[in-house]
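The values are calculated or read from the model by the stated rules, or taken from the named source; none is laboratory data. In this text the structure is predicted, and so the values were computed from the model without any measurement. Note that we place each Cβ from the backbone using ideal geometry, even for glycine, and neighbour counts take in every protein chain shown.
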Amino acid sequence: MCDSSAGENCMTSSDCKCFVGQKCDPGNPKALPSGCVSPNDISCPKGASQYGDKCYCKSGFELNQDKSACVKKPEAAACSTAAQCSGGGQRYCDGSKVKVSSCTAAGCSENVVEDCASGACSSGVCSHGKSECKGGKADGACDSTSGENCGNCEDCKCYDLECKPKAAGATSDGCFNPCLDVDNSVYNPANKGCDCKEGFEWNADRTDCEPVDCPDNTHRDGFMCVCDDGYMDCDGKRQTGCEVNAMTDYLHCGSCRTQCVEDAECVEGMCKCDEGLVLNKTINKCVPFRCNGNKECEPNLGEDCNGCKACACEATEVCDGPLKLHPELTDERGCRDCVGYCKKVYGEHGALSKLMLDSAVCFCGCEPGYMFDDSGKECVQERKSAVIFISNKLNAYEELWIGYKVNAIRGYYKQLGYDVYTRRISNYQQIAEELVNHPGVKAMAYFSHGMEPDKGQTQYSVKPTIEYGSPNDLISRGTDAQREAYVRQGISRDKAVKLADDRFKNGTFGLDYAYLNVCFGLNDNKLADSLLKDGGTAWGGHGRVNPLQTFDTYKKAGGAD
């Protein structure tokens, strides 16, 4: 991981990698914390700002000849007598606007003042101080209030629209969307025509785009066709729909890649051996029970957890069978004690996280109030910490522009006394589990995507989301994770359910702070309320977020004054 706070950059550490198209230039003032510079980033002198690929000084200043500094513009020279005008008006003299009486007999057209830089009055400069695009050079800005549009000024660009200043419905810049009257369509500038949005297709008359008919075993969810419950798309072909019933197909049992072994069938998405057989995990085959006609486990007769029901392992054990990977923790039945294993490996505060029965693996974590040390080899007492969640669904550009925000919130949380660490996530369940399994986490930051508004409702009905799950989904996953955590501690399942429900009865994870770099994050307060304790603080935006956006602050009601 690239740690810019410790002085690491692309020049000093191989962990600090630049994206395609960037170059490594840590000395460039425009460089990111990693030392990488985007191709359009240029180094402007002090007092200058970058717009596009050029540097501009503030009003009253200009770049010197070698463009290394902003210098004050020279005072305007007096106009010659021949250039004086009568009446009321203004003109340019040596580049500076000067108030004069009126325009000359030669006159100035509408929105134009005189240009006296050469000592003689002439028209050709817009009254707002820019070149007149209708006849002069472009200046990098489009001013529709002065009559500039895409038809007479190259600065008025339409990008993904057509330039038709006189068309009904055109914007003030003269840009026009010819697909306004075609439902569910977008304009394609490449072929200068309308294309249907994803999930839609042309009707028979090609006048409107209608929802695409969903193929077999699928149903519509918004604009998308999704698989019916229990079905999967394993061949990747849209025309076949979701062709696999993963609940009964022994070639794709529970997933596209799970094939049941011989003498087994797929029942409710699980491979189960035929009657009278049991799965021997060591050889991955269904074999007869090796119990000797009684209900007792008799290891001396060759019976063990691989083939005899009477030798079955307990809920916190896995079956090593004849492998005996950890003989000191494996009893005569072939069952390994996972609780003892986790404490042996990670110290007295190691705890069972979950089991992988099919592969005889114990996954370990730490007891509540403890966390892995920096080496990941021992459970130590958990300190007050903050976690930064970054979605693995961000593209390269999004990763680039969140970089400085990630560093900023990391630095802020460190100032508040939190230990800060980062997690890459792909869904809201991972967020819920991280917050539950690490009680020391009291602050978080979240960088990802939020759902688009429901087009059939008003913009105020947007429900902010975490990895496409609602706040209610997040709390539900948190409750599930808390229940399983209690069970792993040896608490009965019935009691664990009650304790977990009590933990989340107020519908919140109880954090001090939450930074929500997600579109629509604060369109309502439900997402923030599900994360914060009473009196907690969240930062986020309304609508879509952008790289330069300043976030609003939200404080949850309650808490000490």
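Quick check, is residue 190 exposed (fewer than 13 other Cβ atoms within 10 Å of the Cβ) and hydrophobic (A, V, I, L, M, F, W, C)? Yes.
Candidates are the residues of region 523-561 that are surrounded by fewer than 17 Cβ atoms within 10 Å (Cβ to Cβ) and of a type in the set (A, V, I, L, M); the one that is farthest from the chain's Cα centre (by Cα) is 560. When every residue of region 328-346 is checked against the conditions, none turns out to be among the β-branched types (Val, Ile, Thr), outside the structural domain of residue 492 (by TED's automatic domain parsing) and assigned to a loop (DSSP other than H, G, I, E, B). For region 391-405, filtering for residues that are among the hydrophobic types (A, V, I, L, M, F, W, C) and surrounded by fewer than 14 Cβ atoms within 10 Å (Cβ to Cβ) leaves 1.
Summed over region 513-538, the residues that are assigned to a loop (DSSP other than H, G, I, E, B), of a type outside the set (A, V, I, L, M) and touching a residue at least 60 places away in the same chain (Cβ under 8 Å) give a count of 5. Quick check on region 199-208. Is at least one of its residues under 18 Å from residue 164 (Cα atoms) and touching a residue at least 12 places away in the same chain (Cβ under 8 Å)? So far as region 199-208 goes, no, none of its residues is under 18 Å from residue 164 (Cα atoms) and touching a residue at least 12 places away in the same chain (Cβ under 8 Å). From the list 225, 242, 153, the one residue that fits, being assigned to a strand (DSSP E or B) and among the hydrophobic types (A, V, I, L, M, F, W, C), is 225. The set of residues from region 151-187 being buried (at least 17 other Cβ atoms within 10 Å of the Cβ), of a type outside the set (Ser, Thr, Tyr) and within 25 Å of residue 210 (Cα to Cα) comprises 161, 162, 176, 177, 179, 182, 184.
Quick check on my filter: what residues within region 406-452 are in contact with an Asp or Glu (Cβ under 9 Å, 6 or more places away or on another chain), of a type in the set (Lys, Arg) and surrounded by fewer than 20 Cβ atoms within 10 Å (Cβ to Cβ)? 423 - this is the single residue of region 406-452 that is in contact with an Asp or Glu (Cβ under 9 Å, 6 or more places away or on another chain), of a type in the set (Lys, Arg) and surrounded by fewer than 20 Cβ atoms within 10 Å (Cβ to Cβ). Being in a loop (DSSP other than H, G, I, E, B), outside the structural domain of residue 284 (by TED's automatic domain parsing) and crowded, with 18+ Cβ neighbours inside 10 Å holds for only one residue in 271, 253, and it is 253.
Residues of region 266-287 that are modelled with pLDDT under 70 and more than 19 Å from residue 254 (Cβ to Cβ): 280, 282, 283.
Residue under question is residue 218, and the condition is that it be under 28 Å from residue 272 (Cβ atoms), out of contact with any helix residue (DSSP H, G or I) (no Cβ under 9 Å at 6 or more places or on another chain) and surrounded by 17 or more Cβ atoms within 10 Å (Cβ to Cβ); does it hold? Give the steps one after another, and end with the answer.
Numbers: under 28 Å from residue 272 (Cβ atoms): yes; out of contact with any helix residue (DSSP H, G or I) (no Cβ under 9 Å at 6 or more places or on another chain): yes; surrounded by 17 or more Cβ atoms within 10 Å (Cβ to Cβ): yes.
Spelling it out, residue 218 is indeed under 28 Å from residue 272 (Cβ atoms), out of contact with any helix residue (DSSP H, G or I) (no Cβ under 9 Å at 6 or more places or on another chain) and surrounded by 17 or more Cβ atoms within 10 Å (Cβ to Cβ).
If you filter region 491-512 down to residues that are of a type in the set (D, E, K, R) and either part of a helix (DSSP H, G or I) or outside the structural domain of residue 437 (by TED's automatic domain parsing) (or both), you find that the one that is surrounded by the most Cβ atoms within 10 Å (Cβ to Cβ) is 503.
Scan region 539-550 and tell me whether some residue there is farther than 18 Å from residue 431 by Cβ, part of a strand (DSSP E or B), in the same structural domain as residue 416 (by TED's automatic domain parsing) and touching a residue at least 24 places away in the same chain (Cβ under 8 Å). Among the residues of region 539-550, not one is farther than 18 Å from residue 431 by Cβ, part of a strand (DSSP E or B), in the same structural domain as residue 416 (by TED's automatic domain parsing) and touching a residue at least 24 places away in the same chain (Cβ under 8 Å), which makes the answer no.
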